[in-house]
1. For residues that are among the small types (Gly, Ala, Ser) and surrounded by fewer than 24 Cβ atoms within 10 Å (Cβ to Cβ), tally how many sit in the range A:227-277.
2. Conditions: (1) surrounded by fewer than 18 Cβ atoms within 10 Å (Cβ to Cβ); (2) touching a Phe, Trp or Tyr at 6+ places or on another chain (Cβ under 9 Å). B:LEU370 meets all but one. Number of the miss?
3. Quick one: how many residues across the range B:355-403 are charged (D, E, K, R), under 20 Å from B:ARG329 (Cα atoms) and modelled with pLDDT of 95 or more?
4. Which residue is nearest to the other protein chains (Cβ to nearest Cβ), if the candidates are limited to the range A:392-403 and must be surrounded by 23 or more Cβ atoms within 10 Å (Cβ to Cβ) and farther than 15 Å from A:VAL283 by Cβ?
5. Where the second residue is assigned to a loop (DSSP other than H, G, I, E, B) and modelled with pLDDT under 90 and the first is of a type outside the set (Asp, Glu) and lies in the range B:11-36, which pairs have Cβ atoms under 7 Å and are six or more apart or on separate chains?
6. Do we find a residue being under 24 Å from B:PRO318 (Cβ atoms), in contact with a helix residue (DSSP H, G or I) (Cβ under 9 Å, 6 or more places away or on another chain), among the hydroxyl-bearing types (Ser, Thr, Tyr) and in contact (Cβ under 8 Å) with a residue 40 or more places away in the chain anywhere in the range A:49-56?
7. Just one of B:GLY111, B:GLY75 is at positive phi and surrounded by 21 or more Cβ atoms within 10 Å (Cβ to Cβ); which is it?
8. Restricting attention to strands (runs of 3 or more DSSP E) lying wholly within the range B:290-403, give those where 3 or more residues are over 26 Å from the mean Cα position of the chain (by Cα).
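The values are calculated or read from the model by the stated rules, or taken from the named source; none is laboratory data. Because the structure is a prediction, the values reported are computed rather than measured. So basically every Cβ, Gly included, is an ideal-geometry build from the backbone, and we count neighbours across all protein chains shown.
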There are 2 protein chains.
Amino acid sequence: MASDFLRSGKIFDLRVPGFRAAGVSCGIKKNGRKDLAVIVSDSPARVAGVFTTNSVKAAPVLLDMKRVRKGTASGIIVNSGNANACTGREGLKNSEAMAAIAEKALGLRKGSMLVASTGVIGVPLPIKKIESGMPTVAKMIGYDGLHSAVEAMMTTDAFPKKTVGKAKIGGSGVTVAGIAKGAGMICPNMATMLAFFMTDANIKSPALSRALKAAVDRSFNSIIVDNDTSTNDTVLIFANGSDGNEIKDGTREFAAFTDLLTSLAVELSHMIVRDGEGATRFVEIEVAGAATDEDARLAARTVAESMLCKTAFFGGDPNWGRIIAAIGRSGAKMKEERTSISINGVKVASGGLDTGKEKEAARAMKTRELYVKVSLGAGKRSSRVWTSDLTYEYVKINSAYRT
Amino acid sequence: MASDFLRSGKIFDLRVPGFRAAGVSCGIKKNGRKDLAVIVSDSPARVAGVFTTNSVKAAPVLLDMKRVRKGTASGIIVNSGNANACTGREGLKNSEAMAAIAEKALGLRKGSMLVASTGVIGVPLPIKKIESGMPTVAKMIGYDGLHSAVEAMMTTDAFPKKTVGKAKIGGSGVTVAGIAKGAGMICPNMATMLAFFMTDANIKSPALSRALKAAVDRSFNSIIVDNDTSTNDTVLIFANGSDGNEIKDGTREFAAFTDLLTSLAVELSHMIVRDGEGATRFVEIEVAGAATDEDARLAARTVAESMLCKTAFFGGDPNWGRIIAAIGRSGAKMKEERTSISINGVKVASGGLDTGKEKEAARAMKTRELYVKVSLGAGKRSSRVWTSDLTYEYVKINSAYRT
């Protein structure tokens, strides 16, 4: 699995048969960093997508939502440095023009490319720069290009997020590669987050869509950096079908494929949390013993979104009072006297009362990973969400004039 | 009105006929500051209250909710430094004991005193200290005691919050004094916030309760510092009826009384926002042109709760993209192309598009007060909420080990 590659620190092999990619600098970012990426499939790929739930949707999201409905696409062109959001009709025209530029340069069918943009909101997209960068993309594009493509998607990201997994599914070896960006505005559902998966699996778009939705729900929709949902969130999967037998919905093969995709999506989503703007800690909130799934999720999310809890996590303070107060206001069914809380294995509250283990818990919190477990004693359902702490650096990054 | 007194910087007259008060230090706060307050009415007062909506309710809240139902009370005993929340049955016994200590020392009817506590959660209330402080309270209590009482309620508050208003209602001069505490955990509905009003008006408790609810809705329930609602929020009003004619529900006199109470509650609530933990700016968010009251409130609240908007306010960044993105995810009915946004009178977005006035807006934001006006163009309803910015200092205060 990809995590082994990551742990070993090696630059791992992101290649997926039949997919080429490139990332270049076309001058949208003032610092000269890469800001234009293209990923294409040698043959038209099946496609599925999940998009922001924000009422304010950026132009590229509106375009992709339309094009994804066709069920196939050639690939995607992505720029960073400008979100092409809140840009009106001109923005929509620019997204269409951006796709057309890639289609023309790479000899692809008209209307077959998808588009993504990330960066500042409300500023017209510098389409001329994208046009001028395209010849370099066309020259550099290759089967090992995902590494440079993901770099060209970064905004406030401190590191590129990428993973790859292989599994024997139905006798053949399926490869799935995933790349993502996103550091701030991370909240269900999705936030300023782009993630693209490429696979050689042979799976039709309705099944592909179901697999993607299941994976996103347990990964990108379960992470919270701040509580803001962006206008540009997009998760796409392209499946070019070069790997033989069809994976049909409802089969064991489909379950195996969904599991593989989910594990990669969880991995990428955790990378996004670890790279949360200004984050110094990775925090898992698990709420068990809830009456319903919805209650478990609501309680976990409210803790993960609480500024008081997040500053306490930053300070390494086992302040369970803030945690129980957040759960109390979450709307989840709970009784104080049945609620227990542990942090990194130390039970700080039992039956709603302090256990006197504050010092022990504070020692156990001297680590970059915090695991908060809450038991509500109201039922059998549970949920996990992942978040980061709220730090000086978060305030610095986001209060700097026009980040 | 009180604001005139405040502006003049004078220590103003907080006295309300028939009410005595005191604030002393009994040793709960380690720094020796005042931490025990008592307010009593010479004759049993009509009482009404509004309490936290958090499922986790502190012991004093549970006790008060029961006692307020009787419709009359002698007054209240308040401690700071310990919230007596998440303290189980012992906590409830301690709240009862605390009331009894005041009743005994001041010769009041058993069960007639209310109780409030604010401070750290999950630590047993040091009832012995309260008992030991009571003789000093009994000695010092007097008609000019509200100034010291409000000081004894402070936790992370930078300044005491107090106001007074008088109005001719039905021929006689009614006085209402209000005192409050609260700096962090400020969010509808109410947050770690205590506010007590004392009046000589002659008004029965059902009418008093209606007036209080109306006032709280437009004041304490429309402010947001962080998004956390505390376990201890309590707003109470005591009316001792020493001012002659009864103010009956539904009359012009009732409307005048409610207006007076609302204006004082708004004033206190703005003081709480200005004293928000780490706040450098006071921010009013007004959403107009909404389809419903609920939409207007939802949109305004979502902006006021957005960490990205609040850090932009701190940085003086007219980043309207974050504002429109917050409104887009709020759930309020809106169309991007109909939305306009102005900050301190400078229109930064019109019809969902940038107006090119960023620099002008940034200049206009170089002030401690920000007025954000959003028009949704979806209807005729509007709502205002007040909040503060998210600053380094907020993170510092709340990440410090056990604040």
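1. First pass over the range A:227-277, keeping only residues among the small types (Gly, Ala, Ser): A:230, A:239, A:241-242, A:244, A:250, A:255-256, A:263, A:265, A:269, A:276.
From what is left, the residues that are surrounded by fewer than 24 Cβ atoms within 10 Å (Cβ to Cβ) are A:241-242, A:244, A:250, A:255-256, A:263.
Of the residues in the range A:227-277, 7 are among the small types (Gly, Ala, Ser) and surrounded by fewer than 24 Cβ atoms within 10 Å (Cβ to Cβ).
2. The one condition B:LEU370 does not meet is (1).
3. 2
4. That would be A:ASN398.
5. B:PRO17/B:SER242; B:GLY18/B:SER242
6. Let us first name the residues in the range A:49-56 that are under 24 Å from B:PRO318 (Cβ atoms), namely A:52, A:54-56.
Okay, now just the ones that are also in contact with a helix residue (DSSP H, G or I) (Cβ under 9 Å, 6 or more places away or on another chain), so A:52, A:54-56.
Adding the requirement that they be among the hydroxyl-bearing types (Ser, Thr, Tyr) leaves A:52, A:55.
Okay, now just the ones that are also in contact (Cβ under 8 Å) with a residue 40 or more places away in the chain, so A:52.
For the range A:49-56, residues under 24 Å from B:PRO318 (Cβ atoms), in contact with a helix residue (DSSP H, G or I) (Cβ under 9 Å, 6 or more places away or on another chain), among the hydroxyl-bearing types (Ser, Thr, Tyr) and in contact (Cβ under 8 Å) with a residue 40 or more places away in the chain: present.
7. Values: B:GLY111 fails: surrounded by 21 or more Cβ atoms within 10 Å (Cβ to Cβ).
After ruling out the rest, the residue left standing is B:GLY75.
8. Values: elements: B:340-343, B:346-350, B:369-375, B:381-388.
In the range B:290-403, B:340-343, B:346-350 are the strands (runs of 3 or more DSSP E) which contain 3 or more residues that are over 26 Å from the mean Cα position of the chain (by Cα).
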